[in-house]
Amino acid sequence: MAKLIITLDGVTISEQTLEQPRLSVGRASSNDIHLDDGTVSGKHAQLHVLGKEVFVEDMESTNGTLVNGQRVHRRQLRHGDVLRIGQHELKFVDETAQNLDATVIISSSQRDALKTPRELIGKLKILNGPKAGEMLELNKPYNTVGKPGVQVAVVAKRSQGFFLVPMAVGNSHGVPSLNGQPVGASSLALKNGDVLEVAGVRLEFQQQSAA
């Protein structure tokens, strides 16, 4: 389970488990995570919990949201990351990742099964609008498509393939759809020919292995 350990001046003041799909952070008492701090905006940031993945999004706050000392607009959190919001620090703890450093002895057959697969190449072909026909390369671990502030989705590149990680922002277009079906909060494996629609743009997913 993922959680945030919230500290002020080096003193732990609370812990917040991340079980809801979306949690708001800010100075206003109506927030899911209330920070009584004059340097924090009323609606400062949001946390998006998408299956096992957690993203933080700054809500155009006055003083910004920092992750490990760097100001961010939207960022996936990894175990050990530290958010700075006003005078507060919020350490992200992913309990499922805490034991990943343990050494595991495997057999030769298991070792063969774990060999790195061939590099996967993924693209999105724009199907409508003024940029129809253009190709978007999916060459980053996390590739964002859509319109920030309206509706975005993230295509994650993993060793097993490409996965759609929805991040619905705003409500002018509802939620993204995949092959005509609204996307929920869970990541979905993409396959050749899948059609993603996000912020009114239709994109066809294409995948191949590098030679």
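Worth pointing out:
- Pick from segment 26-37, criterion buried (at least 17 other Cβ atoms within 10 Å of the Cβ) and in contact with a strand residue (DSSP E or B) (Cβ under 6 Å, 6 or more places away or on another chain), ranking: nearest to Q87 (Cα to Cα): L35
- Taking the listed residues G133, G161, G129, the one that is at positive phi, modelled with pLDDT under 90, out of contact with any His (no Cβ under 7 Å at 6 or more places or on another chain) and open to solvent by 40 Å² or more (accessible area, probe 1.4 Å) is G129, with no other qualifying.
- Members of segment 136-158 found to be open to solvent by 60 Å² or more (accessible area, probe 1.4 Å) and in a loop (DSSP other than H, G, I, E, B), listed by number: N139, K140, P141, P148
- Residues of segment 12-31 that are assigned to a loop (DSSP other than H, G, I, E, B) and either over 19 Å from the mean Cα position of the chain (by Cα) or hydrophobic (A, V, I, L, M, F, W, C) (or both): L18, R27, A28, S29, S30, N31.
- Residues of segment 197-211 that are in contact with an Asp or Glu (Cβ under 8 Å, 6 or more places away or on another chain) and at pLDDT 75 or above: L203, E204, F205.
- Breaking point among (1) loosely packed, with under 12 Cβ neighbours inside 10 Å; (2) at pLDDT 90 or above; (3) basic (K, R), for K115: (2)
- Flag if K3 is assigned to a strand (DSSP E or B), among the charged types (D, E, K, R) and closer than 30 Å to L188 by Cβ: yes
- Candidate set: segment 170-196, residues that are under 12 Å from the mean Cα position of the chain (by Cα) and surrounded by 15 or more Cβ atoms within 10 Å (Cβ to Cβ); chosen: the one modelled with the lowest pLDDT: A185
- Given (1) within 20 Å of G80 (Cα to Cα); (2) touching a residue at least 40 places away in the same chain (Cβ under 8 Å); (3) part of a loop (DSSP other than H, G, I, E, B), number of the condition V40 does not satisfy: (1)
- Consider segment 1-11 and keep the residues that are at pLDDT below 90 and within 17 Å of the chain's Cα centre (by Cα). The one that is most open to solvent (accessible area, probe 1.4 Å) is M1.
Yes/no matrix, rows are residues, columns are (1) surrounded by 17 or more Cβ atoms within 10 Å (Cβ to Cβ); (2) out of contact with any Gly (no Cβ under 7 Å at 6 or more places or on another chain); (3) hydroxyl-bearing (S, T, Y); (4) at pLDDT below 90:
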{"site": "I13", "(1), (2), (3), (4)": "no, yes, no, yes"}
{"site": "S24", "(1), (2), (3), (4)": "yes, yes, yes, no"}
{"site": "L50", "(1), (2), (3), (4)": "yes, yes, no, yes"}
{"site": "F55", "(1), (2), (3), (4)": "yes, yes, no, no"}
{"site": "V67", "(1), (2), (3), (4)": "yes, yes, no, no"}
{"site": "R84", "(1), (2), (3), (4)": "yes, yes, no, no"}
{"site": "D94", "(1), (2), (3), (4)": "yes, yes, no, yes"}
{"site": "I105", "(1), (2), (3), (4)": "no, yes, no, yes"}
{"site": "S109", "(1), (2), (3), (4)": "no, yes, yes, yes"}
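The values are calculated or read from the model by the stated rules, or taken from the named source; none is laboratory data. For clarity, every value in this text was computed on a predicted model and none was experimentally measured. With ideal geometry, Cβ positions are generated from the backbone for all residues, glycine too; neighbour counts draw on all protein chains shown. These area figures cover heavy atoms from the full protein model, side chains too; ligands, DNA and RNA do not enter into them. Shrake-Rupley method; radii C 1.70, N 1.55, O 1.52, S 1.80 Å.
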